[in-house]
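Chemist: Below are the structure tokens for one structure; questions will follow.
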Amino acid sequence: MNLKNKKILVTGGASFIGSHLVDSLVDLGCKVRVVDDLSSGKKENLQEHLIKKRIEFIKGDLLTEKTLKKSFKNIDLVFHLAAVHGGRGFVDLHQAESSTNFALDNLVFRSCLKAGVEKIVFASSGCVYPNFLQKDPKKKVYLTEEMVGPPYDSDNIYGWAKLMAEKSLVAYRQTWGIKTASCRFFTVYGERGVENHAIISFIARAFIKQNPFLIWGNGQQVRNWTYVGDIVKGLILTAQKIDNGQAINLGTNERIKVIDAVQEIFRLTNFYPKIKFMPQMPTGPYNRVADNQLAKKLLGWEPQVFFKDGLKRTLDWYFANKKPAEVKKNLKEKLTNR
């Protein structure tokens with residue numbers, strides 16, 4: 001699909017990732033509509049586009065018929081990023097809220113079908129992968145797309161909702177012919193990120209000079225943090241090249257321990273506090289790293305930003321845009337909420 005001049009809807013388009021996607025779509029010459037209830041997204045993320053009237057913005061809840069009717073009319077392509085979501089604290093502690101995504105995704109997909117949308121690209125997650133594959137941080141495990149299969153063991157209700165949405169899109173393609181694809185995100189970070197995700201929370205702790213510096217778990221959790229700019233490029237390539245419901249990993253293959261990420265933040269900020277580990281707090285799987293060979297093969301995509309470079313960009317943005325007193329006041333609540 002050639003995206004230039006296409007009419008594109010981004011659900012959740014005022015969010016961290018969604019707003020970066022809107023930036024790129026506008027640059028490509030797309031006609032962009034954003035729908036967001038602003039429960040976690042921020043209108044200020046789209047401020048420049050709104051001032052210059054580059055995009056159409058709908059504030060509304062996609063669980064309501066009124067918003068659904070307005071959002072999908074005359075749209076060619078939908079990037080579905082809207083979700084009830086948060087970081088590890090939210091995923092573990094807000095199961096009932098996360099279950100809302102089952103209804104949300106179904107309503108969005110049905111609305112696309114009714115409105116004659118040509119294609120849906122869905123923001124899925126590494127949370128679809130079986131927990132039992134991700135327990136030992138000493139093993140070099142790279143999660144390949146086909147590992148999501150019987151026996152299923154997704155990460156909390158949030159992960160199950162993402163998995164069911166992926167499978168629904170495959171069925172939509174097979175039954176009704178609508179073009180679909182899913183992108184599995186792996187721990188995204190970058191400018192406009194929020195403190196309920198690990199990297200931004202670590203940067204926030206350094207910003208307010210928290211001492212002792214709190215780390216959930218024992219610091220040995222392995223992740224592959226992926227820079228938001230790379231994620232956006234992967235989403236756009238998926239829209240251009242994948243039609244058959246395929247789910248594709250968008251993640252780096254850098255294996256980085258939580259403690260090593262924290263130590264790099266200490267180095268960048270010249271702040272070396274005592275560390276207090278908190279094993280009683282939510283930690284997620286201890287070994288989650290993507291295999292991105294399928295993305296290389298089908299999309300010609302691979303991450304361009306190494307973690308240390310993306311971390312420096314993100315830290316510089318945070319320190320330039322945040323106020324210590326405000327961060328200190330709100331950090332505890334943000335760690336477990338949206």
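Read the figures in this text as sums done on the coordinates, not as results from a lab. These numbers come from a predicted model, not from an experiment. Counting neighbours? That spans all protein chains shown, and the Cβs are built from the backbone with ideal geometry, glycine included.
Chemist: Among all lysine pairs in region 32-99 that are eight or more places apart or on different chains, how many have alpha carbons less than 18 angstrom apart?
Modeler: Final tally of qualifying lysine pairs is 9.
Chemist: Can you give the helix-only mean residue ellipticity at 222 nm for the chain, where every DSSP H stretch with n ≥ 4 adds -39500 (n - 2.57) and the sum goes over all residues, rounded to the nearest 500 deg cm²/dmol? List each step's numbers first, then the result.
Modeler: Values: 13 runs with 140 residues, N = 338.
-12500 deg cm²/dmol, from helical runs alone.
Chemist: I would also like to ask the following. With Cβ to Cβ distances under 13 Å as the rule, what net charge do the other residues near residue 312 carry (K, R +1; D, E -1)? All intermediate terms of the calculation are to be shown ahead of the outcome.
Modeler: Working: positive: 267, 308, 313; negative: 191, 264, 309, 316.
For residues surrounding residue 312, the net value is -1.
Chemist: Checking the cross-link filter: which aspartates and glutamates have an alpha carbon closer than 15 Å to that of residue 308, excluding same-chain neighbours under 8 positions apart?
Modeler: Filter leaves 191, 230, 254, 260, 264, 316.
Chemist: Starting from the Cα of residue 253, step 7 Å toward the Cβ, then list every residue of region 127-160 with an amide N under 12 Å from that point.
Modeler: Residues 141-144 qualify, since their backbone N sits under 12 Å from the label point.
Chemist: Still on this structure: On a full-extension model of 0.36 nm per residue, what is the gain between residue 69 and residue 2, subtracting their alpha-carbon distance, rounded to one decimal in nm? Walk me through the intermediate numbers first.
Modeler: On the way: separation 67, 0.36 × 67 = 24.12 nm, distance 2.58 nm.
Length gained between residue 69 and residue 2: 21.5 nm.
Chemist: Related question: How much length, in nm to one decimal, is gained on full extension between residue 218 and residue 305, taken as 0.36 nm per residue of separation minus their Cα-Cα distance? Show your work: numbers first, answer last.
Modeler: Working: separation 87, 0.36 × 87 = 31.32 nm, distance 2.70 nm.
Stretched out fully, the residue 218 to residue 305 stretch lengthens by 28.6 nm.
Chemist: Can you tell me the FRET efficiency between residue 147 and residue 171 if r is taken as the Cβ-Cβ distance and R0 is 22 Å, rounded to the nearest 0.05? If you can, show how the numbers build up before the last one.
Modeler: Numbers: r = 21 Å, r/R0 = 0.94.
Once the sixth-power term is evaluated, E becomes 0.60.
Chemist: So which trypsin sites (Lys or Arg not before Pro) in region 192-288 are both in a DSSP loop and have at most 14 other Cβ atoms within 10 Å of their Cβ?
Modeler: Numbers: sites: 192, 205, 209, 223, 233, 241, 255, 257, 267, 274, 276, 288; in loops: 192, 209, 255, 274, 288.
Passing sites in region 192-288 are 209, 274.
Chemist: Can you work out D for region 69-130 in µm² s⁻¹ from Stokes-Einstein, where Rh is the Kirkwood radius over C-alpha pairs, the temperature is 10 °C and the viscosity is 1.306 mPa s? Show your work: numbers first, answer last.
Modeler: Numbers: Rh = 13.0 Å.
My calculation gives 122 µm²/s for D.
Chemist: So for region 23-170, what are the equivalent ellipsoid semi-axes in whole Å, largest first, each being the square root of 5 times an eigenvalue of the Cα gyration tensor? Please report the intermediate quantities before stating the final value.
Modeler: On the way: eigenvalues 185, 60, 51 Å².
Working through the eigenvalues yields semi-axes of 30, 17, 16 Å.
Chemist: Further, regarding this structure: Region 288-311 to region 217-242: how many Å between their Cα centroids?
Modeler: 7 Å
Chemist: What does the charge count near residue 333 come to, summing +1 for each Lys or Arg and -1 for each Asp or Glu among other residues with Cβ under 13 Å from its Cβ? Display every interim value, and only then the final one.
Modeler: Working: positive: 328, 329, 332, 334, 338; negative: 195, 326.
Net local charge, residue 333 excluded: +3.
Chemist: Rounded, prolate or oblate, given the Cα gyration tensor of region 1-82, with a/c below 1.5 counting as rounded? Please report the intermediate quantities before stating the final value.
Modeler: Numbers: a/c = 1.68, a/b = 1.14, b/c = 1.47.
Note, shape of region 1-82 comes out oblate.
Chemist: Looking at the square roots a ≥ b ≥ c of the eigenvalues of the Cα gyration tensor of region 212-260, which shape do they give, rounded for a/c under 1.5, prolate if a/b is larger than b/c, or oblate?
Modeler: Details: a/c = 3.72, a/b = 2.86, b/c = 1.30.
In terms of gyration-tensor shape, prolate.
Chemist: If each of residue 326 and residue 164 carries a label point 7 Å out from its Cα toward its Cβ, how far apart are those two points in nm?
Modeler: 3.7 nm
Chemist: Return the label of the correct value of semi-axes √(5λ) of the Cα gyration tensor in Å, as calculated from the structure shown, out of (1) 31, 23, 18; (2) 35, 29, 16; (3) 33, 27, 20.
Modeler: Only one listed value fits the structure, namely (1).
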